[in-house]
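Participant: Got a structure for you, written out below as structure tokens; questions coming shortly.
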């Protein structure tokens, strides 16, 4: 009993309160999103997404209990085993999985289905943290880098096979972890630049301007800043890579991306070009959020989300309900809650004594950040439409449990940080 | 080695959150566009078009009524799984036509994928019945019921006018903001003049609907809904049987017949020839028919009774006589020699008094009369003297309703012209002019211009012995009576006593003068005056004005037949037939009727 009281005192309650706030707000908004005035079912009605979400929330509490009770050493010790199991499940999915909404991402157990890809996120975060935490592991060692990228790339590849591009892309967020743990920023900067230039190329029809801009930037850097020959050569190589990206945009758009992916990028750049076709989701999503005004239309009073103008309104586009019914005030609260969560998790990660726990903490924050940024970004037209859930808000058992496990394993590790002093 | 990396990540996260909040603020609070779009998404505005007022004749016979027609509107984004083969089959159109329909729809200025846009317009009742059962197979198609005009007869087209979709120019000019793109509006005639009374009030219902267009109840419990109010019915002063008869008589002729009830100013008949069948300008074939009719070289859309400005010819001599008597320059027994050296004349007479001069339409007599009026010797300067005389003359003539709009309840009325000094100054470029330059106005030629309705009104003035009511077509708006301006008596500047002289003279015109052969009736004393207006190189215009009976007149008529020769022929015949038809019900002179019907005077 004493031990139990002990552990509850050491849990990071601020994080838990943020978690509870997000989950409860999410639940209310799922109800609002599916609410139909003419039928007027209760929030608990199991035929509604909100009723089922309540069950998922209840199950999450069980999961949380389990995570807290299990010995903290278990997570590091069994990280690779869990990783192996999840890889196996991911291989199984395309073979025996069932198809829901075009993605073959579900494993059915009776009438009940789970998405292994949702759980792959926190398990991969654990495995990656374990690898980084291994004695002698160096982020600047090429062999270690290859191993680590392999560890991330394997589940990513398997998820891509399920045609779930969105979830696969989530794994790219581990770049933040590697950056924190000492990887050269070169890769991250080039990656961000490449993405930035890619979008810029689409926006600026004449590529000559871009090439000119890059050459001028390069020249300025060499003249005013960088004097060392080695650095100059790195910059030149970087510039050539970026110019290559520019030249390859057309090719990537037309030959590599699938038509629906091409359209999502086109919709981002100009949603008004075809508001009924590929621009539909973004346009309708913006209309729903934008019509909320400052104070919103009020709980259950939204017309856009309720009357199905917004697609997937209880899952990927749940933020539309928040924007429409609670206005900018509501959006502000949600964004601020997420910012608080992210900063709190960084704070927790930084106070860890073990490299494993810290790397895991950064895995947690990276995954949350990616989901938060991409999901809200897409609903307000800042990112292309990538179908990934908004953590704790979007309807869905697997996603909620995956995110809950992700967060509470960190809380569990954090509660025991005093015991691992000697192992740093 | 990893110093500052935590901070870099924190900054990235915080910046992302801030960017979101700013972007959210801009679309939620700063930009109102999205709120409007949301309304157009979820609120369906159903317009309930009002019934346009009906139009009756003076005996309560229905003339204009409404028949339902149906527009098919499309909300582009609601179209799902459109089966074009099926559609072409149901709507009986080719694929080519269907493609054109879609192109036309997209080309409309008001086109929006979120709002109903006109797709197929003006399906008749029968056509709609055929497609009605299939409509729910094509989501995204919405029916808009409204009405089109139908006519019980083919008569009165010019006076009734027509109704069509409001033009862009009209929309821009509309200060009332009542009209919307796609609304119908009266474009001419009564439909245009009484648009405000006829149109009624549109009703609107706001309904909430989901993305599939399924209704989800009324918006705010229907607080913003309004019912449509039908337009007011109009009772015209037209006698539709008389009108039909007049149009029959005008067949193959160009010109006009105007019949007025002198005691009220009510227009009994307003015939414009050539005319058209008003049913052509309704329904789906409106556009193609309109092009045909408006390109017709005989100008059937031109409402001659109000818009055709002619020289009045000899009928003007009556007005000259009245004016001269009022000015005191002649007496009824004043005789003037028929001196044919200054101006031509006709018939066998030499030295008539006023009545005889009117009866024989003596040109030199009225030349002399006008000389006395314009050169009264009030000024030493002969030019100045003429000016003074002309201004006085002008004032009297205008009091007969000439030289300006009468104020008929139809649009586009023309006023004609009665010259004054300022007019001649302009015409002569400020060089001096005197009587000898302008004397042809004495006999209704020269610069004078009148429109047929003014001639009929003039006949009514003589019939009333000196006053008139402004001619009008609408006897009553529902049961409110005519517009107030049509209840005011208008007086001429002439002493009523002088009119008996004119009445006597006009009686003699028909009894024994130029009108005796074709205008005289057995039981009714008709008073009339012929006119033959020069029209080189074509034959003269045939003109006749008349009223009857002599005492307590019931009807005043003007007839103007272009290029038909002497006034005593076509015009006198038609006028007398109209009088007979109205007062007796049918003609006792079939040979005259046959004479008119056989006359073809179109050039």
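Participant: Determine which member of the set B:551, B:536, B:540 is touching a strand residue (DSSP E or B) at 6+ places or on another chain (Cβ under 8 Å) and surrounded by fewer than 24 Cβ atoms within 10 Å (Cβ to Cβ).
Facilitator: Testing whether each residue is touching a strand residue (DSSP E or B) at 6+ places or on another chain (Cβ under 8 Å) and surrounded by fewer than 24 Cβ atoms within 10 Å (Cβ to Cβ) leaves just B:540.
Participant: Give all pairs with beta carbons closer than 8 Å in which a residue from the range B:23-37 that is touching a residue at least 24 places away in the same chain (Cβ under 8 Å) meets a residue that is assigned to a loop (DSSP other than H, G, I, E, B) and surrounded by 13 or more Cβ atoms within 10 Å (Cβ to Cβ); count only pairs at least 6 apart in sequence or on separate chains.
Facilitator: Between residues of the range B:23-37 that are touching a residue at least 24 places away in the same chain (Cβ under 8 Å) and residues that are assigned to a loop (DSSP other than H, G, I, E, B) and surrounded by 13 or more Cβ atoms within 10 Å (Cβ to Cβ), the close pairs are B:37/A:291; B:37/B:114.
Participant: In addition: Just for helices (runs of 4 or more DSSP H) wholly inside the range B:285-348: which have at least 3 residues that are in contact (Cβ under 8 Å) with a residue 12 or more places away in the chain and within 26 Å of residue B:455 (Cα to Cα)?
Facilitator: Because the criterion is at least 3 residues that are in contact (Cβ under 8 Å) with a residue 12 or more places away in the chain and within 26 Å of residue B:455 (Cα to Cα), the helices (runs of 4 or more DSSP H) in the range B:285-348 that meet it are B:304-307, B:316-327.
Participant: Suppose we keep only residues that are facing chain B (nearest Cβ under 8 Å) and touching a helix residue (DSSP H, G or I) at 6+ places or on another chain (Cβ under 7 Å) within the range A:306-323. Which one would you say is modelled with the highest pLDDT? I'd like the intermediate steps shown before the answer.
Facilitator: Here is the first cut: in the range A:306-323, the ones facing chain B (nearest Cβ under 8 Å) are A:306-309, A:323.
Pick out the ones that are also touching a helix residue (DSSP H, G or I) at 6+ places or on another chain (Cβ under 7 Å) and you get A:307, A:309, A:323.
Values: A:307: 69, A:309: 73, A:323: 93.
Out of the qualifying residues, it is A:323.
Participant: What are the pairs, 6+ residues apart or on separate chains, where a residue within the range A:35-46 that is closer than 10 Å to residue A:306 by Cβ has its Cβ under 9 Å from a residue that is exposed (fewer than 14 other Cβ atoms within 10 Å of the Cβ)?
Facilitator: Matching pairs, first to second residue: A:37/B:217.
Participant: Continuing with this model, one more query. If you scan the range A:336-379, which residues turn out to be closer than 14 Å to residue A:289 by Cα, surrounded by 22 or more Cβ atoms within 10 Å (Cβ to Cβ) and at the interface with another protein chain (Cβ under 9 Å from one of its Cβ atoms)? Full working, then the answer.
Facilitator: Residues of the range A:336-379 closer than 14 Å to residue A:289 by Cα: A:375-379.
Those still in the list that are surrounded by 22 or more Cβ atoms within 10 Å (Cβ to Cβ) too: A:375-376, A:378-379.
Result: A:376, single match.
Participant: Moving to a separate point now. If you check A:304, A:352, A:313, which single one turns out to be in contact (Cβ under 8 Å) with a residue 40 or more places away in the chain and either closer than 28 Å to residue A:165 by Cβ or touching a strand residue (DSSP E or B) at 6+ places or on another chain (Cβ under 7 Å) (or both)? First the steps, then the outcome.
Facilitator: Details: A:304 fails: in contact (Cβ under 8 Å) with a residue 40 or more places away in the chain; A:352 fails: either closer than 28 Å to residue A:165 by Cβ or touching a strand residue (DSSP E or B) at 6+ places or on another chain (Cβ under 7 Å) (or both).
The unique qualifying residue is A:313.
Participant: Quickly run through the range B:34-52 and pick out the residues that are facing chain A (nearest Cβ under 7 Å) and surrounded by fewer than 18 Cβ atoms within 10 Å (Cβ to Cβ).
Facilitator: Passing the criteria: only B:35.
Participant: I'd like to check which strands (runs of 3 or more DSSP E) are fully inside the range B:400-494 and have at least 1 residues that are more than 18 Å from the chain's Cα centre (by Cα).
Facilitator: Values: elements: B:467-469, B:474-477, B:489-491.
The qualifying strands (runs of 3 or more DSSP E) are B:467-469, B:489-491.
Participant: Here are some residues: A:190, A:237, A:177. Which one is away from every other protein chain (no Cβ under 14 Å) and either surrounded by 13 or more Cβ atoms within 10 Å (Cβ to Cβ) or outside any helix (DSSP H, G or I) (or both)?
Facilitator: A:190
Participant: Right, another one. Within the range B:80-103, can one find any residue that is part of a helix (DSSP H, G or I), over 28 Å from residue A:293 (Cβ atoms) and within 14 Å of chain A (Cβ to nearest Cβ)?
Facilitator: yes
Participant: Within the range B:53-61, can one find any residue that is at the interface with chain A (Cβ under 7 Å from one of its Cβ atoms) and in contact (Cβ under 8 Å) with a residue 40 or more places away in the chain?
Facilitator: no
This table checks each residue for (1) within 17 Å of the chain's Cα centre (by Cα); (2) under 21 Å from residue B:560 (Cα atoms).
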| site | (1), (2) |
| --- | --- |
| B:259 | yes, yes |
| B:269 | yes, yes |
| B:278 | yes, no |
| B:291 | no, no |
| B:303 | yes, yes |
| B:307 | yes, yes |
| B:314 | no, yes |
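Participant: Since residue A:278 meets every condition but one in (1) modelled with pLDDT under 85; (2) part of a loop (DSSP other than H, G, I, E, B); (3) touching a helix residue (DSSP H, G or I) at 6+ places or on another chain (Cβ under 9 Å); (4) within 13 Å of another protein chain (Cβ to nearest Cβ), which condition does it not meet?
Facilitator: If we test residue A:278 against (1) modelled with pLDDT under 85; (2) part of a loop (DSSP other than H, G, I, E, B); (3) touching a helix residue (DSSP H, G or I) at 6+ places or on another chain (Cβ under 9 Å); (4) within 13 Å of another protein chain (Cβ to nearest Cβ), just (4) comes out false.
Participant: Please work out if residue B:19 is modelled with pLDDT of 90 or more, assigned to a strand (DSSP E or B) and either within 14 Å of chain A (Cβ to nearest Cβ) or buried (at least 19 other Cβ atoms within 10 Å of the Cβ) (or both).
Facilitator: Criteria not met by residue B:19.
The values are calculated or read from the model by the stated rules, or taken from the named source; none is laboratory data. Just so you know, these numbers come straight off a predicted model, no measurement behind them. Note that we place each Cβ from the backbone using ideal geometry, even for glycine, and neighbour counts take in every protein chain shown.
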